[in-house]
Amino acid sequence: MPLQAAEFFAELCLPFHDHTVVGNTYFAAPVPGASLRLRIDFAETIHAGTYGGLRVAVVHPDRGETDAVVLSFLDHGTFHRRDEAANRRPNSKHYATFDESHLPGRPPWHGAVVTWLRDAIEKYSAVWFPGAWAAHSQSRAIDHAVHMAPGTPTVNAARGR
């Protein structure tokens with residue numbers, strides 16, 4: 001069964017304008033004109049067809065892979081709520097993972113919360129592509145400020161206790 005990778009990566013909401021999904025892999029050119037690229041794949045576990053995270057790699061067209069990291073779903077709480085609701089045990093095959101089998105009408109990664117995973121990708125790629133995240137971080141801060149409800153109290157760490 002297909003992983004529906006394009007939908008998964010769309011849900012991550014990564015800010016790279018120059019990107020594509022080929023098969024189950026996300027490719028991006030975070031800095032236009034630069035030679036380094038970002039590649040994100042699903043990281044398999046020891047069980048065939050079962051995925052436990054994302055493998056994020058920086059790739060140079062001539063020199064190949066420069067650096068890579070695996071961001072596990074467990075470490076980033078991606079399936080914490082789903083697994084709690086299903087009462088899954090931490091040492092089971094299905095805990096903090098998804099596999100290629102799934103219910104009709106639902107993606108195999110149904111129940112994923114990708115917020116912390118996206119934040120980890122942002123932190124990792126900011127090391128290799130610092131200019132790519134500066135504009136995105138500013139727009140997120142502005143977007144957050146615009147969508148705050150009027151009269152929402154703010155906390156000033158320097159003033160209040």
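Each Lys or Arg adds one and each Asp or Glu takes one away; over the other residues whose Cβ falls under 14 Å from the Cβ of Asp18, this sums to +2. For Leu103 paired with Val69, estimate the spin-label separation in nm (one decimal), with each label point 7 Å from Cα along the Cα-to-Cβ line. Inter-label distance under the simple model: 3.4 nm. Using bins of 5 Å that start at zero, the share of Cα-Cα pairs per bin across the stretch 5-135 amounts to 2, 10, 20, 24, 19, 12, 8, 5, 1, 0, in whole %.
Just so you know, all these numbers are worked out from the coordinates, no wet-lab data involved. Note that the structure is predicted; figures quoted are calculated from it, not measured. So basically every Cβ, Gly included, is an ideal-geometry build from the backbone, and we count neighbours across all protein chains shown.
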